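Derivation of every value follows stated rules applied to the coordinates shown; laboratory data play no part. Keep in mind the model is a prediction, meaning the values are calculated, not measured. Every residue, glycine as well, gets a Cβ built from its backbone with ideal geometry; the counts of neighbours run over all protein chains shown.
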Amino acid sequence: MTCITRRTALAAGASLLSPAWAQTANPLVVKFSHVVAPETPKGKGALRFKELLEIRSGGRMRVEVYPNSQLLKDKDELAALQRGEVQLLAPSLSKLRPLGVKEFELFDLPFLFKNRGAFNDTAQTFGRTLFGKLEPSGVRGLAFWDNGFLLMSANKPLRDVDDFKGLKMRVQASAVAEAEMRALGAEPKVMNFSELFAGLQAGSVDGTEGTASNFLTQRLAEVQRHLTLSNHGYLAYALLVNRAFHDRLPADLRGVFDSAVADATSYANTIANAENAWALGKIKGHARVSLHAPQASELEGWRRALMGVHATVAERVGPAALQAAYRAAGFIPPR
């Protein structure tokens, strides 16, 4: 079903509701802030949530979606959610350590997930246990939203570990991502996602990591000439709600809210693979960008360089948590 057809169907469904859809004078407003483009899997998931909740609530709830850091930058999101200034976020799992749950760092480990299924298994078992630990911070975890495997970009080919030496690589605020770049010989630079294009354009950073959909929608093909299909890490998000807001919802609206979350999650996760494949196809057709698929021997060099990051993270989160993540992901560390 095309996007236009879906929206037409949703609008038609809205017209069948009671007049309250159009007449609700003071709907309950849900502010949903995120940092990526509306055309990404997360951006489309947020818009789907908005459509579903507004229709199913009969106009009693209204969702305001703020993409592309229009409302909040990466570093400001979680504190704003805790204060109740926004009700919903979908930050990357890398950003959750400030909420007091350091084990979320494990999702950033290099080469932990061999495929999407391994990530999903880990999220629904190990990850769900971590959601419970967020509650004391005033935040409730609702769902995991998928994006996909990370690629590396720069203005030079990145094949061997030696190619990273001397590069300044943008990373999000993640101790694991910083450790990875250092292990590869690069200098990590923490930078807000909204500042990435300008940073690459100005040369304050030389490259970055990200998914194909983010590379395309942030127009990085204009400022990066090489993209390596490294699949060295995984990008996923936690859909988070302000706990007090969620608890105060009337029972009927909370049921509607939770059903919209469930269906928007299913939609966002279903389209993630196709969206990234489509984006990669568009990037392949870009005259300026060269794509590199690493040879097995090259990737083995990356793995050897990056396995030390696993040991470093184990020191922070504890060996038991590391082993639990390994079991959930089906990961067997090299000997």
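Before moving on, here are some points about what is shown:
- Treating each Cα of the stretch 186-245 as an identical point scatterer and summing with the Debye formula, the log10 of I(q)/I(0) at q = 0.18, 0.22, 0.27, 0.30 Å⁻¹ comes to -0.72, -0.98, -1.35, -1.51.
- Considering only 322, 299, 249, the Gaussian network model of the chain with Cα springs below 10 Å gives its largest mean-square fluctuation to 249.
- A Förster radius of 35 Å, combined with the Cβ-Cβ distance separating residue 270 from residue 225, puts the computed FRET efficiency at roughly 0.60.
- For the stretch 224-321, averaging the sequence separation of C-alpha pairs within contact (under 8 Å, six or more residues apart) and dividing by the residue count gives a relative contact order of 55 percent.
- Treating r as the C-beta distance of residue 124 and residue 29 and R0 as 51 Å, the FRET efficiency rounds to 0.95.
- The distance separating the Cα centre of the stretch 80-123 from that of the stretch 285-312 comes to 23 Å.
- Label sites at residue 282 and residue 335, each approximated as a point 7 angstrom past Cα along Cα to Cβ, lie 4.7 nm apart.
- Sorting 83, 254, 170 from the fewest to the most surrounding beta carbons within 10 angstrom yields 83, 254, 170.
- Inter-centroid distance (Cα atoms) of the stretch 34-63 relative to the stretch 316-335, Å: 35
- Counting only DSSP beta bridges whose two residues both lie in the chain, roughly 50 percent are antiparallel.
- The relative contact order of the chain, computed from alpha carbon pairs under 8 Å that lie at least 6 residues apart in sequence, is 24 percent.
- The chain - mean residue ellipticity at 222 nm from DSSP helices (-39,500 (n - 2.57) per run, n ≥ 4, rounded to 500): -13500 deg cm²/dmol
- If the chain linking residue 204 and residue 320 were pulled fully straight, counting 0.36 nm for each residue of separation and taking away their Cα-Cα distance, it would gain 37.9 nm.
- Over every Cα atom in the chain, the radius of gyration and the widest Cα-Cα span, Dmax, amount to 20.3, 66 Å.
- When 204, 69, 174 are sorted by how many other C-beta atoms sit within 10 angstrom of their C-beta, beginning with the fewest, the order is 204, 69, 174.
- Prolate/oblate/rounded call for the stretch 71-170, Cα gyration tensor, a/c under 1.5 rounded: oblate
- Local electrostatic count, residue 180, Cβ distance below 9 Å [Lys/Arg +1, Asp/Glu -1]: -2
- Normalised by the number of residues in the stretch 106-257, the mean separation of alpha-carbon contacts (under 8 Å, six or more apart) gives a relative contact order of 37 percent.
- Candidates 248, 56, 48: whichever shows maximal mean-square fluctuation once the chain is modelled as a Gaussian network with Cα springs under 10 Å: 248
- Highest-MSF residue in the chain out of 264, 221, 198 [GNM, Cα springs under 10 Å]: 198
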